[in-house]
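For reference, the structure discussed in these notes is given below.
The values are calculated or read from the model by the stated rules, or taken from the named source; none is laboratory data. Because the structure is a prediction, the values reported are computed rather than measured. No Cβ is skipped: glycine too gets one built from the backbone with ideal geometry, and neighbour counts run over all protein chains shown.
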Amino acid sequence: MKSSIVFGLILALFVGFSSIFVVDEGELAIVTQFGEYKRTADSPGLYFKTPFVQTVTRMERRIMGSDTPPAEYLTLDKKRLVADPVTRWRVVEPLSFYKTVHDEVGAKARLDDIINSEMRRELASHNFGDIIGNARDPMMQRVAAAVREQTKEFGIEVVDVRIKRADLPKEVQESVFARMRAERDRVAKQYRSEGEEEAQKIRADTDKEKTILIAQAYETAQKARGEGDAESTSVYAEAYGKDPEFYAFIRSLDAYEKSLGDQTSLVLSSGSDLFQYLSKARR
C-alpha cells in the first residue's frame, strides 16, 4: 500500500515537471505536438505543456554571429580578391525559423550560401581599389539589405554584414610584393644616384673654394713677405747710409753666426774678407 502511494507521488511529480517549462530572457521556444506546431513562447516565464505528447524546441533570442568561410571573388577590373564576411543576425519568427532551417546550424548554412551569392554579385560591380577603400561600407550595406530581404522567409533578421579581411590570393600577394620590392629598389637606387651626384657637386665646389682660399692665402703671404723684405732692405739701407763700417761689421757677425758652429771647419786664405774683423782683432 505504501509503495503504491510512493510510486503515485513519484509519478505525479514526474508528470508535473514534464508539464512545465521555463523560457529564459535569452531564449525563444515553440511547442509542437507530434511535429505539428501548437504555440510560441516568446516571453520569459513559466509555461505549461501536455506531458509526453508536446515537445519544446528552444532557440536563441540574442544576436548571433556567423563567420562565412573565406572565399575568392572576382572584381570589376578582373582582379581576384579573398574576403571573409561576418554576419550578425537573430531569430524574429520562431515558427518560420523552425519550419525552414530548423536550428542554428541550418540557419548558418543558408546564410553562408546567400551571403556568398550577394558578395559575388556586389564585388563584381566594383574595382579592387574601391573595395579596399572608401566604397566598402556602402557596398556592405547593400549586401546586408539584399541578404535581409532574402532571409525574411526563414524568420531571421540580418542585423549587419561586414568584411573582416579583404586580401589578394596568396600567389598574387607574392607577385605584388615582388613588384613592390622592385619598385622600392628602383626608387632607392634613384635616391642614391641623386645623392651621389649632389655629393660630387658639393666636393667640386669645396675643392674649388679650397683652391681659391689657398691661392688667396699664398698671395697674401707673398705680399706680406715682399713688404717685409722691402722694409728689411729699407732698414738695412738706412743703417748702411748712417754708418757703413758698423753695418759691414754687423753683417759680418751675422755671417759668422750662420756659417760657424762647434764642429765647423773652414780653410780660407788669410786675406779673405770673411775674417777681416777677426784678423784685426788678433793684431
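Take GLU25 and tell me if it is outside the structural domain of MET140 (by TED's automatic domain parsing), farther than 30 Å from PHE128 by Cβ and either β-branched (Val, Ile, Thr) or modelled with pLDDT of 80 or more (or both).
yes
For the range 79-109, which residues satisfy the criterion of being at positive phi and small (Gly, Ala, Ser)?
We begin by selecting, within the range 79-109, every residue at positive phi; these are 102.
Once the filter is applied, which keeps residues that are at positive phi and small (Gly, Ala, Ser), the range 79-109 yields nothing.
Can you pull out the residues in the range 107-122 that are surrounded by 14 or more Cβ atoms within 10 Å (Cβ to Cβ), out of contact with any helix residue (DSSP H, G or I) (no Cβ under 8 Å at 6 or more places or on another chain) and farther than 20 Å from LEU76 by Cα?
Of everything in the range 107-122, those that are surrounded by 14 or more Cβ atoms within 10 Å (Cβ to Cβ), out of contact with any helix residue (DSSP H, G or I) (no Cβ under 8 Å at 6 or more places or on another chain) and farther than 20 Å from LEU76 by Cα turn out to be LYS108, ASP112.
Which is among the polar types (S, T, N, Q) and touching a Pro at 6+ places or on another chain (Cβ under 6 Å), of THR68, THR57, THR50?
Working: THR57 fails: touching a Pro at 6+ places or on another chain (Cβ under 6 Å); THR50 fails: touching a Pro at 6+ places or on another chain (Cβ under 6 Å).
Going through THR68, THR57, THR50 in turn, the sole match is THR68.
May I ask you to list the residues in the range 44-61 that are of a type in the set (S, T, N, Q) and not in a strand (DSSP E or B)? Can you show your working first?
Here is the first cut: in the range 44-61, the ones of a type in the set (S, T, N, Q) are 50, 54-55, 57.
Correct list: THR50 only.
One line per residue, one yes/no per condition, for (1) free of Cβ contacts under 8 Å to residues at least 24 places away in the same chain; (2) buried (at least 18 other Cβ atoms within 10 Å of the Cβ); (3) under 18 Å from ARG165 (Cβ atoms):
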| position | (1), (2), (3) |
| --- | --- |
| ALA41 | yes, yes, no |
| GLU60 | no, no, no |
| SER66 | no, yes, yes |
| VAL82 | no, no, yes |
| VAL92 | no, no, no |
| PHE97 | no, yes, no |
| ALA124 | no, no, no |
| PRO138 | yes, no, no |
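What single numbered condition from (1) modelled with pLDDT of 90 or more; (2) farther than 21 Å from GLN141 by Cβ fails to hold for ASP113?
Tallying (1) modelled with pLDDT of 90 or more; (2) farther than 21 Å from GLN141 by Cβ, ASP113 fails exactly one: (2).
Please pick out the residue among VAL105, VAL101, VAL56 that is without any contact (Cβ under 8 Å) to a residue 24 or more places away in the chain and either in contact with a Phe, Trp or Tyr (Cβ under 8 Å, 6 or more places away or on another chain) or over 21 Å from SER125 (Cα atoms) (or both).
Numbers: VAL101 fails: without any contact (Cβ under 8 Å) to a residue 24 or more places away in the chain; VAL56 fails: without any contact (Cβ under 8 Å) to a residue 24 or more places away in the chain.
VAL105 is the lone residue from the list that is without any contact (Cβ under 8 Å) to a residue 24 or more places away in the chain and either in contact with a Phe, Trp or Tyr (Cβ under 8 Å, 6 or more places away or on another chain) or over 21 Å from SER125 (Cα atoms) (or both).
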